[in-house]
1. Against the definition (under 26 Å from Glu285 (Cβ atoms), out of contact with any Pro (no Cβ under 7 Å at 6 or more places or on another chain) and open to solvent by 30 Å² or more (accessible area, probe 1.4 Å)), how does Gly35 come out, yes or no?
2. Taking the condition of being assigned to a helix (DSSP H, G or I) and either modelled with pLDDT of 95 or more or open to solvent by 40 Å² or more (accessible area, probe 1.4 Å) (or both), how many residues in segment 140-191 meet it?
3. Look at segment 51-72 and say how many of its residues are in a helix (DSSP H, G or I) and open to solvent by 40 Å² or more (accessible area, probe 1.4 Å).
4. Tell me which of these Lys345 doesn't satisfy, since it passes every other one: (1) exposed (fewer than 13 other Cβ atoms within 10 Å of the Cβ); (2) closer than 19 Å to Ser272 by Cα.
5. Select from segment 5-20 the residues that are open to solvent by less than 30 Å² (accessible area, probe 1.4 Å) and part of a strand (DSSP E or B) and write down the one among them that is nearest to Leu343 (Cα to Cα).
6. For a quick check of your reading of the model, give me the residue pairs whose first member lies in segment 173-198 and is touching a residue at least 40 places away in the same chain (Cβ under 8 Å) and on the phi < 0 side of the Ramachandran plot, whose second is assigned to a loop (DSSP other than H, G, I, E, B) and open to solvent by less than 50 Å² (accessible area, probe 1.4 Å), with beta-carbon atoms closer than 6 Å and at least 6 apart or on different chains.
7. Taking segment 66-89 on its own, how many of its residues are touching a residue at least 24 places away in the same chain (Cβ under 8 Å), under 21 Å from Leu228 (Cβ atoms) and not aliphatic (A, V, I, L, M)?
8. When segment 276-301 is examined, which residues are found to be surrounded by 14 or more Cβ atoms within 10 Å (Cβ to Cβ) and either in contact with a Ser or Thr (Cβ under 8 Å, 6 or more places away or on another chain) or at pLDDT below 90 (or both)?
Amino acid sequence: MTQPLIPVILAGGKGERFWPLSRRQRPKQFLCLDGSGQSLLQATAKRLLPLGNNWDNLWVITAGPIAEGVKEQLPNLPNRNLLVEPQGKDTAPAVAWTTLEIAKRYGKDAVIGFFPADHWIKNTDEFETTLHAASQLASAENAIVTLGIKPTYPSTGYGYIEQGNLTNNINNLPVYKVNRFTEKPDLETAKSFLETGRFSWNSGMFIFRAGVVLDELEKHAPQVLKPLQEKGQAAYETLEKMSIDYALMEKTDLTYVLPANFGWDDLGDWNSLERLIDSDGDNVELGNHVTLDSKGAIIYNSDEQEVIATIGLEDVVIVRDKNVTLVVNKNRTQDIKKLLKELQKDSQLDHLL
């Protein structure tokens, strides 16, 4: 690597499927979900700091309502490295605006990496090795490098990346041209993907030189790039909501994938805790829980003075936080977002969001 990677943490999400623990002023990235005492955002920053060499090279882009919370969580982050979006418009504007700002400071040859704030990584050494390889490729080639996660089961909750021809080998890691990005599949399609051995989960992590992506955005998504070039943050009011996958990754022919195997999870909802926390018993428990004959339950209790007691329950999630108790079948956790829309309709319950 000719220069440090400039890591950028995407920290503007809401994490609604972790309600009631995740709320407007305390989104998922501010939560500690593994009992370690460290939030997801703090853990993300900790593993990215060695790649950028110091806090001066670490950036965060977040949403206005939680910007102060980011500062509290990351007190060593320089204010000038915190970009605050006035409105959430998905990842395309976030990536475009941050890339423009980094190019102004470091130049168009700066190698940038984008990383969601809510990922869990098991093997940080392997993570660093993979990122060094991705950075080397991005530094040397006109390449937009994505990290693909080797699937361990036929997930219907992730997008997939199909690898094409083998083009390189860096640090004993194979590099493939991307054949295509796919949306979240149904179960049968996901099984067929795994059988081919050519598909990876789309991690949402990307590494590239600033100038490469700015040129590609100008070609494929000028409606995102040009307003930001002209107005900066003030352009957000008129920007269309758009993901970086749709705006660029699915259209450019410069994408490469490194299939990675460092232990990864995109903590999407409460069921993630079963993968995150080793449990010797019949249930996954964080907080006080007393039970008779309950199995397959996920229990989260944020108050040490309170006890959740269950009898004869199976495959449920129970979360107790402050003034809310959530009880949901494990197969219906995706519907938490629907429930929150119902709460929004009632002005007397809106404060619970």
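1. yes
2. Number satisfying all stated conditions: 5.
3. Residues in segment 51-72 being in a helix (DSSP H, G or I) and open to solvent by 40 Å² or more (accessible area, probe 1.4 Å): 6 in total.
4. Here Lys345 clears every test but (2).
5. Ala11
6. Leu194/Pro151; Leu194/Pro154
7. 6
8. Leu276, Ile277, Asn283, Glu285, Gly287, His289, Thr291, Ser294, Ala297, Ile299
The values are calculated or read from the model by the stated rules, or taken from the named source; none is laboratory data. These numbers were taken from a predicted model, which means no experiment stands behind them. Note that each Cβ is placed from the backbone with ideal geometry, even for glycine, and that neighbours are counted across all protein chains shown. For the accessible areas, the whole protein counts, side chains as well, though only heavy atoms, and no ligand, DNA or RNA atoms are used. Shrake-Rupley method; radii C 1.70, N 1.55, O 1.52, S 1.80 Å.
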